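Please treat every number below as a calculation from the coordinates, not as lab data. In this text the structure is predicted, and so the values were computed from the model without any measurement. Note that each Cβ is placed from the backbone with ideal geometry, even for glycine, and that neighbours are counted across all protein chains shown.
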Amino acid sequence: MKKLAILGSTGSIGQSTLSIVEQFSERYSVAALAAGHNLDEVFAQTVRWRPRLVSLATEELAAELSKRLRLAGVTGVEVVYGTAGTVACSTLPEADFVVSAIVGVAGLEATHAAILAGKPLGLANKECMVAAGEILTKAARERNVPILPIDSEHNAVHQCLRVGAHDEVKFIWLTASGGPFRQLPLEKFASITPEQALKHPTWTMGRRITIDSASMLNKGLEVIEACRLFDVTPAQVRVTVHPQSTVHSLVEYVDGSILAQISVTDMRLPILYALAYPERPHSTLTFDLASLSHLDFEPPDLERFPCLRLSFEAAEKGGAHCIALNAADEVAVEAFLERRIPFMGIPRTIERVLAATPEAHPATIAEVLSTDREARARARALLAR
Ligand code: MG
């Protein structure tokens, strides 16, 4: 029985993870849940899964959950809060595996702490890898801690890499759905509204990642994530637009062979793969190959999607530029959703923040977080003008 600590339990990856636990209850149980502000959902999850430890964002929320659990007659659950609470979840001695699915750099300290504690990690939080990938992968390598990617593309790459050696890899090909504006002419980009950008053609996800998919910044973050996870250079990572989202990614080997991973577009599959690795359990997540009539692949248009170009530039510089890319985007996306800037204001903001960011390679999580704060402040100051 593998006991899980799930960071970000009320988000979409957290909920999908719990549905895998439900389906494979003979394999997995829940030791700890960390969430933010969604008290009703955490209460329901705690009653259902009876973890030993639960963490919420604030002291007030933790007190309220404790009260509700008492009234419901639920005992044996310790409730904690804040970053220290999330870290307590990710390092809980009885947890055998940590699912890191808190959105943004909020999950960074707990993810790092899990690696230091030697916990195998299922990583759904790409911002952690983008902001602190150099530190996290180094710590994981030193401790021989496996990091299993839950992001669908990287999960596909991980699977395709199992058949070859590292020095045989020529390119990693990340597929991109192209988002809702794949065929929109450039002159119409100026009038894109938040409602249009929030409609993703193939995946249902959180708000920021949906906007990031529309701008292709999400793919850019995934390029950086791939460099860190698989120890390749940005020049070895290529992006191909594949509207069917059926091939989740590919690996091209030096002999000319290209391996692809195909499956349903359902996050439960990469989650199950990460939890069960190196095994492959039987699942009901089948893909109907006969329904597949064609697969399209086309190069991305860097003029309409400058966020992708900016991401490759940041990937080449590494360190502070990757942190600033992510931080500036988060601030800019928020401003776009609040209708303070147009859609193309997102790449403009990122570009200006990157230009003002000095080249640096933070060596500790504290330095990463302060670089992140500086980049956010820079982005806010730009937008306030
Ligand atoms: Mg992805």
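Highest mean first, what order results for 367-373, 259-265 on Cβ atoms within 10 Å?
Output ranking for 367-373, 259-265: 367-373, 259-265.
What 222 nm value per residue comes from the helices of the chain, counting each DSSP H run with n ≥ 4 as -39,500 (n - 2.57) and dividing by all residues, nearest 500 deg cm²/dmol?
-14500 deg cm²/dmol
Give me the percent of DSSP beta bridges within the chain that run antiparallel, rounded to the nearest 5.
Roughly 30 percent of the beta bridges in the chain run antiparallel, per DSSP.
Over the Cα atoms of the range 153-234, what Rg and Dmax result, in angstrom?
Over the range 153-234's Cα set, Rg and Dmax evaluate to 15.3, 47 Å.
Hey, if you drop one equal point scatterer on each alpha-carbon of the range 2-149 and run the Debye formula without solvent, what base-10 log of I(q)/I(0) do you get at q = 0.08, 0.12, 0.13 Å⁻¹?
-0.19, -0.43, -0.51
How would you order 305-313, 213-221 from highest to lowest mean count of nearby Cβ atoms within 10 Å?
Put in order of decreasing packing, that is 213-221, 305-313.
I need the calculated FRET efficiency for the pair A190 and A377, taking r as the beta carbon distance and R₀ as 25 Å, to the nearest 0.05.
0.35
Sticking to Cα atoms, compute the Rg of the range 173-320 to one decimal and its Dmax as the biggest Cα-Cα distance, whole number, in Å.
16.3, 49
In bins 10 Å wide, starting from 0, what share of all Cα pairs of the chain does each bin hold, as a percent?
5, 23, 33, 27, 11, 1, 0
Of all DSSP beta bridges located in the range 154-318, what percent are antiparallel, nearest 5?
70
So what is the relative contact order of the chain, in percent, for Cα pairs below 8 Å that sit 6 or more residues apart?
15 percent.
Give me Rg/Rg_expected for the range 137-201, where Rg uses Cα atoms only and Rg_expected = 2.2 N^0.38 Å with N residues.
Cα-based Rg divided by the globular estimate yields 1.69.
Please compute the net charge surrounding S283, taking Lys and Arg as +1 and Asp and Glu as -1 over other residues with Cβ under 12 Å from its Cβ.
Within the 12 Å Cβ shell, the charges total +1.
Using the Karplus equation 6.51 cos²θ - 1.76 cosθ + 1.60 (θ = phi - 60°), what ³J(HN,Hα) coupling, rounded to whole Hz, does each residue of the range 250-255 give in order, writing x for Gly and Pro?
9, 10, 9, 9, 4, 7
How many lysine pairs does the range 2-149 hold where the Cα atoms are under 26 Å apart and the two sit 8 or more places apart or on different chains?
Close lysine pairs under the 26 Å cut-off: 9.
Can you give me the relative contact order of the range 154-318 as a percent, contacts being Cα pairs under 8 Å and 6 or more apart?
It comes to 33 percent, rounded to a whole number.
About the Cα centre of the chain, how large is the charge dipole given +1 on each Lys and Arg Cβ and -1 on each Asp and Glu Cβ? Please answer in debye to the nearest 20.
It comes to approximately 660 debye.
Shape of the range 45-129 from its Cα gyration tensor (a ≥ b ≥ c, root eigenvalues): rounded if a/c is under 1.5, otherwise prolate when a/b > b/c, or oblate?
Here the range 45-129 falls in the prolate category.
For K3, what is the net charge nearby, where nearby means another residue's Cβ is under 11 Å from its Cβ and Lys, Arg count +1, Asp, Glu -1?
So the surrounding residues net to +2.
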